[in-house]
Amino acid sequence: MRTQTIALIGAGGKMGCRIADNLKKGTLNVHYVEISEQGVERLSERGLATTPRQEALIDADIIILAVPD
């Protein structure tokens, strides 16, 4: 069975970082998508690299939106 891939949109925000912290503990493939410099920096501090949005969406089986309403 193939491992599922998740695209976490807004991964560097408050909610996104909380979700990212939990996802990185698991075994799923995760694409962390973030466009703000501050968010990218927060992810970098966690040892996580970002993926361009288009690439992440094409590859994703599951998409999680952690964006402001």
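The values are calculated or read from the model by the stated rules, or taken from the named source; none is laboratory data. Model, not experiment: these values are computed from the prediction. FYI the Cβ positions are ideal-geometry reconstructions off the backbone, even for glycines, and counts take in every protein chain you see.
Can you pull out the helices (runs of 4 or more DSSP H) entirely within segment 13-63 that have at least 2 residues that are exposed (fewer than 11 other Cβ atoms within 10 Å of the Cβ) and either among the acidic types (Asp, Glu) or touching a His at 6+ places or on another chain (Cβ under 7 Å) (or both)?
Numbers: elements: 14-23, 37-45, 53-59.
Hits in segment 13-63: 37-45.
Looking only at segment 40-69, which residues are of a type in the set (S, T, N, Q) and under 11 Å from Gly13 (Cα atoms)? Across segment 40-69, there are no qualifying residues.
Is it fair to say Leu8 is touching a strand residue (DSSP E or B) at 6+ places or on another chain (Cβ under 8 Å) and farther than 18 Å from Asp69 by Cβ? Give the derivation first.
On the way: touching a strand residue (DSSP E or B) at 6+ places or on another chain (Cβ under 8 Å): yes; farther than 18 Å from Asp69 by Cβ: no.
No; evaluated as a whole, the condition is false for this residue.
For segment 26-50, which residues satisfy the criterion of being at pLDDT 95 or above, over 20 Å from Pro68 (Cα atoms), over 8 Å from the mean Cα position of the chain (by Cα) and not acidic (Asp, Glu)?
Asn29, Ser44, Arg46, Gly47, Leu48, Ala49
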